Amino acid sequence: MRFTAKSTLEMRCPITGMRIPLTPEELALIVRAPAAEWREVDECALALGVDAATLADLAERGLLLSDADAPLAQALRDGEARLEAVGWHPDAALYHAASQWQGVIGEEGRRRHDDAAHRERLQQHAATLGPLPPHAWRREDALARSPLPIEPLDDAFATTLRARRTTRHFRTEVALPLADFTRVLYGTFGTLGAETLAPDMVALRRTSASGGGLHPIDAYPLVINVEGLAPGVYHYESDTHALALLQPLARERARALASALTIGQEYFAEAHALVFHVARLDRHHWKYRRHPKAYKAVLLDSGHLSQTFYLLAAERGLGAFYTAAINDADVAALLKLRPQVEIAIGANGVGVPDPSRDLLHLKPVPWAAVAE
Ligand SMILES: Cc1cc2nc3c(=O)[nH]c(=O)nc-3n(C[C@H](O)[C@H](O)[C@H](O)COP(=O)(O)O)c2cc1C
């Protein structure tokens with residue numbers, strides 16, 4: 001057996017996402033430190049057989065909680081209290097913290113965006129990693145195989161399904177009609193029904209499914225160029241179908257933000273509006289407290305909403321996209337989200353498409369299922 005990696009020891013913080021290197025001796029100390037209650041530092045040092053300065057050093061590096069005034073100590077204390085109050089599953093909290101981005105500019109911003117460049121990149125990838133596993137395959141252990149009759153996908157609903165696609169080029173010289181924007185917003189995030197299941201526990205009906213009927217995801221539009229709406233950041237009030245203006249922005253600033261918040265994917269700044277999906281975990285985790293699947297369910301809710309958003313846009317001949325590649329921490333700062341309670345998951349975008357410049361979308365040849 002060959003080992004090429006050097007082993008290192010580090011702690012990963014479920015609040016800040018920081019990786020903190022430490023020694024095996026420090027780890028042994030930390031696991032013996034009292035975790036359930038606050039202790040005086042001298043008492044704690046005596047019990048652990050170290051001096052108070054050693055404990056202060058661990059606290060300064062974010063390895064122990066302390067009641068110091070330092071910003072990191074405060075952030076860790078408050079963060080821990082909120083994780084507990086909201087009912088995060090510890091594994092989910094760790095993954096979430098570790099996957100937060102701030103000020104990231106992805107490679108997308110620096111790449112050439114045309115078919116030839118895209119294909120070249122994929123060929124280089126294949127040269128390094130070998131071929132992509134095939135798109136279709138057969139289970140060798142299948143007991144029998146039944147060709148199925150094909151139901152034609154040619155009615156109005158199926159035509160919309162077929163028209164759904166990701167758009168990355170929009171007509172920046174025209175405004176998106178307000179009716180188009182609000183139809184997509186209402187059709188995706190609007191409240192269509194409400195049912196009180198227990199005192200103060202109202203389950204909602206939207207056009208998408210949601211784990212537990214909770215619909216914890218709010219829509220925060222970043223309006224760039226929509227008829228009758230000032231560019232800026234809004235919160236969509238889904239019970240009354242109203243937009244609350246949080247921050248007006250000059251149009252060019254709104255465009256620049258759209259690109260920066262989607263890690264420099266400049267083509268998304270051409271959209272007429274982005275809509276950030278933000279989950280309120282205090283609502284969701286009220287039902288799914290410290291649940292190992294809760295985080296996954298919230299992410300899946302966002303996927304369901306996004307597909308509905310795409311379809312509503314497709315039905316009107318609009319362009320749409322979804323991206324999970326967002327600078328979540330910057331979105332949180334812009335929207336003034338409550339840390340550990342409200343989390344940004346991704347963003348849809350919508351606008352008037354510009355097919356004349358649409359170089360980036362897939363152009364798959366039609367495929368018809370034919371039984372072998
Ligand atoms: C979860 C998710 C994340 C995505 N992130 C990005 C992204 O960051 N940038 C981008 O250009 N497209 C993104 N897309 C769009 C996909 O690239 C697109 O769906 C895929 O190429 C298939 O094309 P189609 O949607 O036109 O069928 C994302 C789609 C999904 C579902």
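The values are calculated or read from the model by the stated rules, or taken from the named source; none is laboratory data. Nothing here was measured: the structure is a model prediction, and the numbers come from that model. Every residue, glycine as well, gets a Cβ built from its backbone with ideal geometry; the counts of neighbours run over all protein chains shown. For accessibility, only protein heavy atoms count, side chains too; no ligands or nucleic acids. Shrake-Rupley method; radii C 1.70, N 1.55, O 1.52, S 1.80 Å.
Quick one: would you say A158 is under 19 Å from A368 (Cα atoms), among the aliphatic types (A, V, I, L, M) and either open to solvent by less than 40 Å² (accessible area, probe 1.4 Å) or outside any loop (DSSP other than H, G, I, E, B) (or both)? Yes, satisfied.
Being aliphatic (A, V, I, L, M) and open to solvent by 20 Å² or more (accessible area, probe 1.4 Å) is the filter here, so list the residues in segment 346-359 that pass it. Of everything in segment 346-359, those that are aliphatic (A, V, I, L, M) and open to solvent by 20 Å² or more (accessible area, probe 1.4 Å) turn out to be V352, L359.
Listed here are the residues, each with its yes/no results for (1) in the same structural domain as A324 (by TED's automatic domain parsing); (2) touching a strand residue (DSSP E or B) at 6+ places or on another chain (Cβ under 6 Å); (3) within 25 Å of V341 (Cβ to Cβ); (4) not acidic (D, E).
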| position | (1), (2), (3), (4) |
| --- | --- |
| P21 | no, yes, no, yes |
| V31 | no, no, no, yes |
| A35 | no, no, yes, yes |
| A53 | no, no, no, yes |
| D67 | no, no, yes, no |
| Y95 | no, no, yes, yes |
| H118 | no, no, no, yes |
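All told, G79 falls short of being open to solvent by less than 60 Å² (accessible area, probe 1.4 Å), in contact with a strand residue (DSSP E or B) (Cβ under 6 Å, 6 or more places away or on another chain) and in contact (Cβ under 8 Å) with a residue 24 or more places away in the chain. If we keep just the residues of segment 261-293 that are charged (D, E, K, R) and away from the ligand (no atom under 14 Å from the Cβ), which is nearest to G349 (Cα to Cα)? Result: R280. Can you confirm whether segment 153-166 contains a residue that is closer than 30 Å to E342 by Cβ, out of contact with any Ser or Thr (no Cβ under 7 Å at 6 or more places or on another chain), in the same structural domain as A347 (by TED's automatic domain parsing) and not basic (K, R)? Looking through segment 153-166, at least one residue is closer than 30 Å to E342 by Cβ, out of contact with any Ser or Thr (no Cβ under 7 Å at 6 or more places or on another chain), in the same structural domain as A347 (by TED's automatic domain parsing) and not basic (K, R).
Which residues, counting only those in segment 110-138, are modelled with pLDDT under 90 and in a helix (DSSP H, G or I)? Answer for segment 110-138, where residues must be modelled with pLDDT under 90 and in a helix (DSSP H, G or I): R110, D115, A116, A117, H118, R119. Number of residues in segment 178-221 that are assigned to a loop (DSSP other than H, G, I, E, B), out of contact with any helix residue (DSSP H, G or I) (no Cβ under 7 Å at 6 or more places or on another chain) and open to solvent by 40 Å² or more (accessible area, probe 1.4 Å): the value is 3. Before we move on, is R283 over 30 Å from D154 (Cβ atoms), at pLDDT 95 or above and in contact with a Pro (Cβ under 7 Å, 6 or more places away or on another chain)? So R283 fits the description; yes.
The residues of segment 82-110 that are open to solvent by 30 Å² or more (accessible area, probe 1.4 Å), of a type in the set (G, A, S) and away from the ligand (no atom under 16 Å from the Cβ), listed by number, are A85, A98, G103.
If you filter segment 233-258 down to residues that are small (G, A, S) and surrounded by fewer than 20 Cβ atoms within 10 Å (Cβ to Cβ), you find that the one that is farthest from G106 (Cα to Cα) is A242. Applying the set (1) within 30 Å of A158 (Cβ to Cβ); (2) within 14 Å of the ligand (Cβ to nearest atom); (3) in contact with a Ser or Thr (Cβ under 9 Å, 6 or more places away or on another chain) to S302 leaves exactly one unmet item: (3).
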